[in-house]
């Protein structure tokens, strides 16, 4: 392995971190690593990888003591996790490329469409819109969208995952998540349809989508759940990990929560999304937790 094998210092650092723990490492490679590390950017990247590994190492310390011979495997797994995390962090930006409307981390946007409908996007969101033809169509690539649809005689369909939300004139929101999607109706009437199910929502109801499976509608506090439109995150008895993830998203970061027990605590409160840093500091302080930022892209909470 040479220092020029990959151009990105962070990827090089991941490669070196794994290689240095291999049984067949020789002196020439150690010398090559030393020369590579003399470059300031490389040294910083390697220090960040070491720091994240120490964070990942803590929960697995007992396992590693019991299976010391598996160190190279564990190191490789950690590097794969690091590389996967970096890819996940880049994915939202890649998803937004070429979309009709998109927002960056910490940014919200509002637009009036050609048919008079109002479109609002939360942080890190992207949509494609087609208003020509007999059916108006919006495809939610990622994030959250709120729509105030104007009636013009044509159906308005929102594609989200493996389902569609069909409306004529109404105010509602759709959100994409890692594990499921959500539809929340503020006023009017919508029908959520998949290949196997369909559900009709009444005002003040929301439902969750799991691929083609659609859960039954449930009553929801629409004004509280839609507070993001005004830059507020208002929660009531929500797991701490979900609140931390929302604040991390607004900071353009991926959450690594090392205290799973703390993540299950239920929290309530109101947080200013336009001051996500201060909101996060206050929340961590109230929960007696510590948050560290790694490479500007990870939020490590312990």
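The values are calculated or read from the model by the stated rules, or taken from the named source; none is laboratory data. Quick caveat, the model's predicted, so the values are computed rather than measured. Please note: Cβ atoms are built from the backbone with ideal geometry, for glycine as well, and neighbour counts cover all protein chains shown.
Scanning for something under 26 Å from residue 186 (Cα atoms), assigned to a helix (DSSP H, G or I) and outside the structural domain of residue 203 (by TED's automatic domain parsing), does the range 261-273 turn up at least one residue? Checked against the condition, which is being under 26 Å from residue 186 (Cα atoms), assigned to a helix (DSSP H, G or I) and outside the structural domain of residue 203 (by TED's automatic domain parsing), the range 261-273 yields at least one hit. Restricting the range 173-187 to residues that are crowded, with 23+ Cβ neighbours inside 10 Å and out of contact with any helix residue (DSSP H, G or I) (no Cβ under 9 Å at 6 or more places or on another chain), the residue that is farthest from residue 110 (Cα to Cα) is 183.
Somewhere in the range 233-249, is a residue farther than 25 Å from residue 109 by Cβ and without any contact (Cβ under 8 Å) to a residue 24 or more places away in the chain? Yes, there is a match, as at least one residue in the range 233-249 is farther than 25 Å from residue 109 by Cβ and without any contact (Cβ under 8 Å) to a residue 24 or more places away in the chain. Given the structure, is residue 173 modelled with pLDDT of 95 or more, in a loop (DSSP other than H, G, I, E, B) and in the same structural domain as residue 114 (by TED's automatic domain parsing)? Considered against the rule, which asks whether it is modelled with pLDDT of 95 or more, in a loop (DSSP other than H, G, I, E, B) and in the same structural domain as residue 114 (by TED's automatic domain parsing), residue 173 comes out as no. Screening residue 282 on (1) in a helix (DSSP H, G or I); (2) modelled with pLDDT of 95 or more; (3) under 30 Å from residue 170 (Cα atoms) shows it passes everything except condition (3).
Would you point out which residue out of 35, 62, 30 is at pLDDT below 85, in a helix (DSSP H, G or I) and over 27 Å from the mean Cα position of the chain (by Cα)? Before the answer, list the steps.
On the way: 35 fails: at pLDDT below 85; 30 fails: at pLDDT below 85.
Sole residue among the options that is at pLDDT below 85, in a helix (DSSP H, G or I) and over 27 Å from the mean Cα position of the chain (by Cα): 62.
If we keep just the residues of the range 261-283 that are in contact with a helix residue (DSSP H, G or I) (Cβ under 8 Å, 6 or more places away or on another chain) and more than 18 Å from residue 234 (Cβ to Cβ), which is surrounded by the fewest Cβ atoms within 10 Å (Cβ to Cβ)? Checking each candidate, the answer is 264.
Is the range 245-259 home to any residue that is exposed (fewer than 15 other Cβ atoms within 10 Å of the Cβ) and at pLDDT below 95? Scanning the range 245-259, I find no residue that is exposed (fewer than 15 other Cβ atoms within 10 Å of the Cβ) and at pLDDT below 95, so the answer is no.
I'd like the full set of residues that are outside any loop (DSSP other than H, G, I, E, B), surrounded by 13 or more Cβ atoms within 10 Å (Cβ to Cβ) and without any contact (Cβ under 8 Å) to a residue 40 or more places away in the chain, limited to the range 199-221.
199, 200, 201, 205, 206, 207, 208, 210, 213
I need the full set of residues from the range 15-27 which are assigned to a helix (DSSP H, G or I) and exposed (fewer than 12 other Cβ atoms within 10 Å of the Cβ), in order please. Matches in the range 15-27: 27 only. Cβ-Cβ distances below 6 Å connect no pair with a first residue in the range 42-63 that is in the same structural domain as residue 291 (by TED's automatic domain parsing), a second residue that is at pLDDT 80 or above and in a helix (DSSP H, G or I), and a separation of six or more residues or different chains.
Would you confirm whether or not the range 137-157 contains a residue that is within 30 Å of residue 243 (Cβ to Cβ), surrounded by fewer than 19 Cβ atoms within 10 Å (Cβ to Cβ) and without any contact (Cβ under 8 Å) to a residue 24 or more places away in the chain? Yes, the range 137-157 has at least one match. Please indicate, with yes or no, whether at least one residue in the range 94-106 is within 21 Å of residue 273 (Cα to Cα), out of contact with any helix residue (DSSP H, G or I) (no Cβ under 7 Å at 6 or more places or on another chain) and in a loop (DSSP other than H, G, I, E, B). Yes, the conditions are met somewhere in the range 94-106.
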